[in-house]
1. Which one is farthest from the ligand (Cβ to nearest atom), of the residues in the range 167-213 that are charged (D, E, K, R) and in a helix (DSSP H, G or I)?
2. What's the number of the condition Gln78 fails, among (1) within 16 Å of the ligand (Cβ to nearest atom); (2) surrounded by fewer than 20 Cβ atoms within 10 Å (Cβ to Cβ)?
3. So, Leu34, is that one more than 15 Å from the ligand (Cβ to nearest atom), hydrophobic (A, V, I, L, M, F, W, C) and touching a residue at least 24 places away in the same chain (Cβ under 8 Å) or not?
4. Answer yes or no as to whether Phe5 is within 16 Å of the ligand (Cβ to nearest atom) and more than 16 Å from the chain's Cα centre (by Cα).
5. Suppose we filter Pro396, Pro407 for residues that are open to solvent by 80 Å² or more (accessible area, probe 1.4 Å) and either within 20 Å of Lys102 (Cβ to Cβ) or more than 26 Å from the chain's Cα centre (by Cα) (or both); which single one remains?
6. Exactly one condition in (1) open to solvent by less than 20 Å² (accessible area, probe 1.4 Å); (2) among the charged types (D, E, K, R); (3) farther than 24 Å from Phe50 by Cβ is not met by Lys388; state its number.
7. Step by step: first the residues of the range 18-31, then only those that are open to solvent by less than 10 Å² (accessible area, probe 1.4 Å) and over 15 Å from Arg69 (Cβ atoms), then the one that is farthest from the ligand (Cβ to nearest atom). Which residue is that?
8. Please enumerate the residues belonging to the range 96-114 that are open to solvent by less than 10 Å² (accessible area, probe 1.4 Å), farther than 21 Å from Lys413 by Cβ and among the hydrophobic types (A, V, I, L, M, F, W, C).
Amino acid sequence: MKVNFTETVLRDANQSLIATRMPFADFEPVLSKLDKAGYYSLECWGGATFDSCLRYLNEDPWERLRKIRAACPNSKLQMLLRGQNLLGYKHYPDDVVRLFVKKSVENGIDIIRIFDALNDVRNIEVAVDETLKNGAVASGTICYTVSPIHNLESYVKLAKQIESLGVNTICVKDMAGIMSPKAGYDLVKALKENVKVPIVVHTHSTTGLGFMTLLKCVEAGADVIDTAISCFSGGTSQPATETMAYVLREYGYEVSLDDKILKEINDFFTPVRKQALDSKLLNPVVMGTRPDALSSQIPGGMLSNLVAQLTAQNKLEKLDEVLEETPRVREDLGYPPLVTPMSQMVGVQATQNVLAGERYKNVSKEVKAYLKGEYGKAPGEVNKELQKKVLGDEEPVTCRFADTLEPGIEKAKRELGDKAVSDEDLLSYIAFPSQAEAFFKKREERRKNTFSYSIKRID
Ligand code: CO
């Protein structure tokens, strides 16, 4: 049996280890090797790459994608998309979602992995539909979490709903690295028995389970696994590509990766990693193994946020109380997966509840919007008493929230005028208005400088 590999060094490994700060120039020379190594796909766009390009790297994210496309003519390029939220945290109207997907494919994307933080299928259906319309591969995603209401039966039901949208593959996305080898095996086996499309497994090495989980998922029939080239693997990143290839071959699986090229890719990234360590961009803490999330169910990234919040308010001694309050808030909100933005929402509210000395004395506007149904349907029942207290006479939304939104493209065109030179610019602006405007300004200055320079040359 063949096992396919998706390489994450350009996106998730980059995001998880060094906050997506790798500029295009740092990996440009290795793209031709990535293109020839034999991967199923290269995950290289979406997630935080878009925001980071505009905000920190002074790069046009669309131009980055086109350059990767040109340098990797033989590879399937993959991106991560947060369904109706695209690359941000709020819901966008359908015309924006459709144009974003269309332009992503036009600029070079082949596979779009589409997820919703609440696993509300209504929030991925438009993006899936548009992906398919544009001839790209739609990978519908299950956000994996552990709670009293999540079990094999609920995941199989969800997978069938996702399959009915016409997706080409289904991805099990374990953001926090808490899916155990046994849970992964049981889940993939159940999915293989109940849906026809190939199964992709995505996990992180945060708690140390990652390698074992991927191996057991492959044994259960997973078709594609996500890995990162070794020097950008481990810790909060993915398990290592070379190691998984070695183990799987030993068990007789067919792996079409070229070991010699993998070594060249790793040799290329080794100094990039060293530079990140030297500049403190890469903190060795994130490379370690932290099994505490297995008992607390609080992902590592969320725990560091809680500590940072309490430290800022000089209340670190309240950490234990906040850690006890966190699962209670999660229960009140109907057990959302603790992935962005839910992890922040639950964490901030739990901290508030403890510091105010009274539960829900202050409620964040995000929690209010959540209880109103603006993020989608909660996986379980929300606490009705809390919902009533927060909403008062306001009725919660039960329809798909995006159905209540006005179209966004024409409005953005009016706002931006001639500052946008393309649909891609318009979408950058809709996704991250202030960062995009600042970027357009800098780009315009660069253009002007380039222009006067060329005049001199002609003279
Ligand atoms: Co991930």
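1. Glu193
2. (2)
3. Answer is yes for this residue.
4. When the stated conditions are applied, Phe5 passes them.
5. Pro407
6. It is condition (1) that Lys388 fails.
7. Val30
8. Hits for the range 96-114 are Ile109, Ile111, Ile112, Ile114.
The values are calculated or read from the model by the stated rules, or taken from the named source; none is laboratory data. All values derive from a computational prediction rather than experimental measurement. Ideal geometry is used to build each Cβ from the backbone, glycine not excepted, and the neighbour counts take in all protein chains shown. The area values use the complete protein model at the heavy-atom level, side chains included, leaving out ligands, DNA and RNA. Shrake-Rupley method; radii C 1.70, N 1.55, O 1.52, S 1.80 Å.
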